[in-house]
């Protein structure tokens, strides 16, 4: 593979990194590099600038939450990271969005290989209308694993990682649409994990779930913290404070503040952030 | 207007709407019920010994011993008829010349009616056409012929202002005073013993080929021809239609070209079916020379372009109905666009696409106009699979027209026509019913 | 390659490809898309071919015979010497059965569509829709067979009584309604309660008697009618209307459904009955879609071959008087179907080409009405979504 754009920007400046990490949370070894970094990055829908010149570094293997009122561009930003916005014909970007120091929107980037490395879980659980096994095996099969035994291994490992193995191990051949909403969402996480991504993007993963299922997903995120770089968009500020290490606050397409979760929720620097987290507006 | 009148108007408005749906349902019943009841008669009917004779000698089917004993018992009763005929013929010779001439023409009519009823009489030369080799094979037809034998039909033209009316004169009366007068009550009373009617189930109607242009035998060549044409059309149109639908839904960008293609699609859907037939003749046969003259392949191609718009539209709808989330999920797992279409979208849309395909198959099977000039012949035997590139075929739709409108004895073989219509209608309605069931199951599945 | 990378989460830069590889990818993608496009544009090519090949064989006719005979004369003697190709009566026959079937199918179809979209509950609608689909599915030759073998003898033998009963059953309900509405309308202006009631009853009795008289009189006239042939324009119109109905119902139902619930609720909130809501607000909003449905349904009747070929009597004449639906006629489609076998296509005589001229006429009419109905639908969608 030809590494055309050499990794000039990584690793990130050590000085700024610490502000993202809350002191009371467990440190992760190896989690000290910038995994994804945006530089003056803007996203347009036609003429409309949905995300405005965002610059930020996202650290490897930590959980980063993105909060903000609806329509603030947080989902758009998240979807830009694995180029899901390509589905919208009028969407285009300026600035740079780097993953491992390589431009995601570079001329020679293959979005298919990129998406294999950056997995995504969506707002509504979206299992395929196939069996549970086939859902998990879909990704590995795409990437060339056809050996039944190996597939079984991957399926089991992924389901265990997503903490759903015990609930479905005896009905892997049943249609995935028969599962409950919470189970479906964990299945979707497992399906994403089965292709061994490095980054996990979660787009409001609990907004369609009941509180019990939500708690399970949050536990799962804690389990996965340290193994994957996780970014989660959420409406729910309590959820952001519970699960994340650092938090980004978006307002009208602008990244207003990016700090460690503890700091952002207890001592925000920006008055806008303060107003939002105290519920002056939403 | 006062409120009472407004309410009456409202109710009657509802009644008109419901009424028109009821009228449609009733119309459907009025069309379908006689077709079903009469069509079933082609397979289940009261058959006579003549039917069994025909089956044995034309198709080598039936039990020869049982048949010969039946024939023997019927001949016992027929022998008396023949006796009376020879007796009268002898009597005829003894009559005065002018009387003889008068009776002779009347006697010829009687003989002809008797031939129609019982088959060739002794002394007749062996008939050329198979239809004259046997008497009436169906009991209800035999009863009609018995009436023809007993009564002479005449037309009353006395009043020039109204249409002339048919009335009947007993033949027995006109033979009063001769020895033949005994024949009429004898035949009337003993017809049952001469023809031995019994309930018959003739599945061969579906699987046999026809004998003497559908006087006897079945409709297998037509069923097979319809099958070849419809399936052949699907082989061309289905893959092409699905691929085109994939293009329209997944790749086409809005613009002038795209809207032109869509207009072309709806134009093609609106072309009258007879024009497809002319195009098939002018293009596939006269220009492309896919075959020397009419052939199955030319007909199938013509039908294919006729059903193409329907398939494209159904496939498009089915693909658009696949939730967007499937697409996103597949792409986010690192699947290519093409892979996503092949492994997620098409399988999820498959039932819907198949529904459209099944309905189009029914349409291809039922259409007549496009195959008149390209594929259909009125008489012919079933063709082999290898002949589809060179020879035309009989087909149900075309032969229904042909037998009902152009056959030289259309009114005598109504049961065959009904049987054909029933076969065609049930093929088409079965296909449509399965499409309806398929769709109901899809919508249930999508609901959860 | 993929298999190995699945095991460990290695940090390679595998998602960035070399320029050559990326170009290759793009070429393959474009080629694939091009193939799909070719398949999709096949339909357009076919449409062009149909126009070209039908026109190619139609033009020689006009070159040989000119236009005026074809459109103005009704002497259709293609086999005579010299042959005459006046097709006016044939074109007239086509228009006649199309109009006849539209007269039956349009009111019924629109009423049924309203019923399906606004009146029937969902549970009943589920059973009503398959009826319409089955009606659409029955092959045209089966309808033709029905028309020829069952309906034609019925009309021929019992035509008068059938017409009378049809008149009574269809018209009496509307007569009763008209009597009620007219006598109501005539008395609304009167303020005196008692006088108004008296007058109302008087009008009811007066108009009631009048309408009974009318019903009876026309009924007896119809009873006396003798139908000379069962294969006539009326027979064909009835059958064609049932073939056009499914199209009209389903397309106008779509148009009615596209009119939002808000419009209906707004009207109900002002105290309108359901009938008034539908007639005064829903129908005008859906009118262009319904027009498109009517055009499509009419086209189905105009282009239908088998029914008219089997049951129209195939006699090339303009009925006497011109609106007499009880006489045999002949249509464009039936002429094409029936004469093609006899026309000498090898030498390409005028007799062969005149049939293509007829085909071209049908093709052009259907093309224009398709375009019109498509434009109408697009415009309605724009208007409804724009509001």
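Bear in mind these aren't lab numbers, they're just calculated from the coordinates by the rules spelled out. Please read these numbers as outputs of a predicted model, since none were measured by experiment. Cβ sites come from the backbone with ideal geometry, for glycine too, and all protein chains shown count toward neighbours.
Just subtract the alpha-carbon distance of residue B:387 and residue B:59 from 0.36 nm times their residue separation and send over the number in nm, one decimal.
Going from the current span to full extension adds 115.7 nm.
Students often get this wrong: which residues of segment C:145-162 have the backbone nitrogen under 19 Å from the point 7 angstrom along Cα-to-C-beta of residue B:414?
Inside the label zone: C:145-159.
Using the beta-carbon distance between residue C:127 and residue B:259 and R0 = 41 Å, what value does 1/(1 + (r/R0)^6) give for FRET efficiency, to the nearest 0.05?
With a Förster radius of 41 Å, E is 0.65.
Which order, highest average first, do A:245-255, C:301-311 follow once you tally other Cβ atoms within 10 Å for each residue and take the mean per peptide?
Top of the packing list down: C:301-311, A:245-255.
Give me a single rounded figure for C:14-26: the average over its residues of other chain Cβ atoms within 10 Å of their Cβ.
Mean shielding by partner chains, rounded to a whole number: 6.
Find how many whole Å separate the alpha carbon centroid of segment B:317-334 from the alpha carbon centroid of segment B:371-448.
For segment B:371-448 versus segment B:317-334, the Cα centre distance is 39 Å.
To the nearest Å, what is the center-to-center distance of segment A:184-225 and segment B:185-239, using C-alpha atoms only?
Using only Cα atoms, the two centres lie 65 Å from each other.
Starting from the Cα of residue C:19, move 7 Å in the Cα-to-Cβ direction to define the label point; list residues of segment A:94-127 whose amide nitrogen is under 15 Å from there.
Once the point is set 7 Å along Cα→Cβ of residue C:19, A:107-109 turn out to lie under 15 Å by backbone N, inside segment A:94-127.
Using only C-alpha atoms and all pairs of different ones, pull out the Kirkwood radius for chain B in Å with one decimal.
Computed over chain B, the radius equals 27.0 Å.
Angle, helix B:414-447 long axis vs. longest principal axis of chain B, Cα atoms, 0 to 90°, nearest 10?
Roughly 20 degrees between the two axes.
Build a GNM of chain C with springs between Cα atoms under 10 Å: which of C:177, C:283, C:296 gets the top mean-square fluctuation?
C:177
Considering only DSSP beta bridges with both partners in the protein assembly as shown, what is the antiparallel share in %, to the nearest 5?
Around 65 percent antiparallel, to the nearest 5.
Using a simple spin-label model with points 7 Å from Cα along the Cα→Cβ vector, what separation in nm is obtained for residue C:372 and residue B:111?
With each label placed 7 Å out from Cα toward Cβ, I get 6.7 nm.
Using 0.36 nm per residue, how much length does the chain from residue C:201 to residue C:80 gain when fully extended, once their Cα-Cα distance is taken away?
36.8 nm
Taking the Cα atoms only, what angle lies between the long axis of helix B:49-59 and the longest principal axis of chain B, rounded to 10 degrees?
Between the helix axis and the principal axis of chain B, the angle is about 60 degrees.
Can you give the log10 of the normalised intensity I(q)/I(0) at q = 0.08, 0.09 Å⁻¹, computed with Debye over equal Cα scatterers of chain A?
Log10 I(q)/I(0), no solvent term: -0.33, -0.42.
Testing the spin-label approximation: label points 7 Å from Cα along Cα→Cβ at residue B:75 and residue B:7. State their distance in nm.
Between residue B:75 and residue B:7, the simple spin-label model gives 8.3 nm.
Going by how many other beta carbons lie within 10 Å of each one, how would you line up C:364, A:155, fewest first?
So the residues, fewest neighbours to most, are C:364, A:155.
Using a Gaussian network model on chain A with a 10 Å cutoff between Cα atoms, which of A:168, A:54, A:233 fluctuates the most?
Of A:168, A:54, A:233, the Gaussian network model singles out A:168 as fluctuating most.
Relative contact order of segment C:64-386, please, whole-number percent, based on alpha carbon pairs below 8 angstrom and at least 6 residues apart.
26
In which sequence would C:77, A:276, B:77 go, from the one with the fewest C-beta neighbours within 10 Å to the one with the most?
Result, fewest neighbours first: C:77, B:77, A:276.
Could you work out which residue, out of C:220, C:229, C:187, moves most in a Gaussian network model of chain C, that is, has the largest mean-square fluctuation with Cα springs under 10 Å?
With Cα springs under 10 Å in chain C, the top fluctuation among C:220, C:229, C:187 is at C:187.
For the pair residue B:286 and residue B:95, what calculated FRET efficiency results from E = 1/(1 + (r/R0)^6), where r is the Cβ-Cβ distance and R0 = 45 Å, to the nearest 0.05?
0.10
I'd like the orientation of helix A:211-224 relative to chain A: the angle between its Cα long axis and the longest Cα principal axis, in ° from 0 to 90, rounded to 10.
80
With the radius of gyration and the Kirkwood radius both derived from the Cα set of the protein assembly as shown, what is their ratio Rg to Rh?
1.09
Could you give the radius of gyration (one decimal) and Dmax (whole number) of the Cα atoms in segment C:64-386, in Å?
Reported Rg and Dmax, both Å: 23.9, 85.
Mind giving me the nanometre distance, one decimal, between the label points for residue B:320 and residue B:102, set 7 Å out from Cα along Cα→Cβ?
8.3
Over what distance in Å are the Cα centres of segment B:139-183 and segment B:34-63 separated?
28
In what sequence, highest mean first, do B:217-224, B:129-136 appear when ranked by Cβ atoms within 10 angstrom?
Order by mean packing, descending: B:217-224, B:129-136.
Report the antiparallel proportion of the DSSP beta bridges in segment A:30-277 as a percent, rounded to a multiple of 5.
In segment A:30-277, DSSP labels about 60 percent of beta bridges as antiparallel.
Calculate the mean, over all residues of peptide C:49-56, of how many other protein chain Cβ atoms lie within 10 angstrom of the residue's Cβ.
5
Would you order A:91, A:72 from fewest to most other beta-carbon atoms within 10 Å of each residue's own beta-carbon?
A:91, A:72
Once the Cβ-Cβ distance between residue B:124 and residue C:157 is put in as r, and R0 is 25 Å, what FRET efficiency do you end up with, to the nearest 0.05?
The pair residue B:124/residue C:157 has a calculated efficiency of 0.10.
Give the relative contact order (percent, whole number) for segment C:109-255; include only Cα pairs under 8 Å separated by 6+ residues.
Relative contact order here is 49 percent.
For Cα pairs less than 8 Å apart in space and 6+ apart in sequence, what is the mean separation divided by the residue count of segment A:30-277, i.e. the relative contact order in percent?
27
For peptide C:334-342, how many partner chain Cβ atoms fall within 10 Å of a residue's Cβ, on average?
Mean shielding by partner chains, rounded to a whole number: 3.
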